[in-house]
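Enquirer: Dropping a structure here in structure tokens format, bear with me for questions.
The values are calculated or read from the model by the stated rules, or taken from the named source; none is laboratory data. Bear in mind the structure is a predicted one, so any value in this text is a computation, not a measurement. Cβ coordinates were reconstructed from backbone atoms using ideal geometry, including for glycine residues, and neighbour counts include every protein chain displayed.
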Amino acid sequence: MTFSYDLSPFIPFRDRAVCERVRAITREDIAKHPNRDLKIRVIEDPAQFYLEFALDIVGRLQASLEAGRTLVAIFPVGPMPQYEYAAKLINKLGISCKHLNSFNMDEYADQDGNTAPPDWPGSFQRAMLERFFGKIDPKLRPPRSQIHFPTTKALKSYAQRIEDLGGSDVCYGGIGWCGHIAFWEAHLGFEFGNDLEAYKKAGPRCVELHPMTIMQNALHSFGGDWSWVPPKANTIGPAQILRARDRSFWLDGYLGGGVSWQRFIARLVAHGPVNTLVPGSILQTAPGTYTIWGPVAGDVEIHMA
């Protein structure tokens, strides 16, 4: 028996036929993509998933150090086991990170656009300084002046700071429930319509978070308390992601019990049309890797617990 209905009005991307097509992509077919430069892979074991993420970071640090050049990297926060793994490897191998210039993708902000202070428990600054850089041996970690965050003060010049260093070598990231990359939210696409080229050139700004982002972050960072999630955030734009010399995106949105909030959006981003209402879809237009934890790659099905 069929049951037809419209998508909820708060959802920006509304092409039901596309949604049905990508929903039907199986676990066996999710890594197949016409753009051979977008390398999709699935890693089943969670420890291996985060270790591979850490090795990607450490490998780039080591290669750039040996080449005698600066490494400019854009980092997300979200789940953070990879950073602790990376710090342990850096310390064990004695890899100096003095050549690293780190730029965080985003930071929470209040209703007036004031970014969260580093001592607030939910601050991305605090998370990175405590759980990545703070775990690196002091003699190996980069100077604090080379660890950048898109604070209210820094936002206006954030893109230029990256360009002044010759652009970023790599942009790491994940995919949000609404399809966001960094905190570049799905509803921002309405501003650009079908002008994809203008969209790709958009840079850092303070944005209002989409309802799906509020709920997603409440689930994985705020104990399910949506009242605790700030309403806005400062974020890099599509331009900083696409201008990076490489992109390394990691999808781990699994809640356990067979439930993953990321299964559908992982497919829509990678296999739907490139468009302004699904921000992550622009990853299809540039070389990069798209690594999915096994449970996230599972088939999209109705799950009645």
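Enquirer: All but one of (1) crowded, with 16+ Cβ neighbours inside 10 Å; (2) free of Cβ contacts under 8 Å to residues at least 24 places away in the same chain hold for G272; state the number of the condition that does not hold.
Expert: (2)
Enquirer: Of all residues in the range 279-305 being within 18 Å of the chain's Cα centre (by Cα) and outside any helix (DSSP H, G or I), which is surrounded by the most Cβ atoms within 10 Å (Cβ to Cβ)?
Expert: The selected residue is I292.
Enquirer: Can you find even one residue in the range 250-268 that is among the hydrophobic types (A, V, I, L, M, F, W, C), touching a Lys or Arg at 6+ places or on another chain (Cβ under 7 Å) and within 24 Å of Y50 (Cβ to Cβ)?
Expert: Looking for residues that are among the hydrophobic types (A, V, I, L, M, F, W, C), touching a Lys or Arg at 6+ places or on another chain (Cβ under 7 Å) and within 24 Å of Y50 (Cβ to Cβ), one finds at least one in the range 250-268, hence yes.
Enquirer: Among the residues of the range 135-151, what is the count of those that are surrounded by 13 or more Cβ atoms within 10 Å (Cβ to Cβ), out of contact with any Asp or Glu (no Cβ under 9 Å at 6 or more places or on another chain) and not acidic (D, E)?
Expert: 7
Enquirer: Of all residues being in contact (Cβ under 8 Å) with a residue 60 or more places away in the chain and in contact with a Lys or Arg (Cβ under 7 Å, 6 or more places away or on another chain) in the range 293-305, which is nearest to L242 (Cα to Cα)? Just the residue, please.
Expert: Taking the candidates together, the pick is A297.
Rundown of residues vs (1) in contact (Cβ under 8 Å) with a residue 60 or more places away in the chain; (2) under 28 Å from P238 (Cβ atoms), yes/no style:
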| residue | (1), (2) |
| --- | --- |
| R16 | no, yes |
| T26 | yes, no |
| V42 | yes, yes |
| L55 | no, yes |
| L93 | no, no |
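Enquirer: Return yes when L155 is of a type in the set (A, V, I, L, M, F, W, C) and touching a Cys at 6+ places or on another chain (Cβ under 6 Å) and no when it is not.
Expert: Taking the combined requirement at face value, the residue does not satisfy it.
Enquirer: While we're on this one: Which ones in the range 220-251 are touching a strand residue (DSSP E or B) at 6+ places or on another chain (Cβ under 8 Å) and of a type in the set (S, T, Y)?
Expert: Those that are touching a strand residue (DSSP E or B) at 6+ places or on another chain (Cβ under 8 Å) and of a type in the set (S, T, Y): T235, S248.
Enquirer: To continue, here is another question. Taking the range 235-269 as the search range and keeping residues that are surrounded by fewer than 21 Cβ atoms within 10 Å (Cβ to Cβ) and in contact with a Leu (Cβ under 8 Å, 6 or more places away or on another chain), which one is farthest from F190 (Cα to Cα)?
Expert: That would be L255.
Enquirer: Within the range 185-221, can you find the residues that are within 19 Å of T115 (Cβ to Cβ) and either modelled with pLDDT under 95 or basic (K, R) (or both)?
Expert: If the condition is that a residue be within 19 Å of T115 (Cβ to Cβ) and either modelled with pLDDT under 95 or basic (K, R) (or both), then R205, S221 are the ones that fit.
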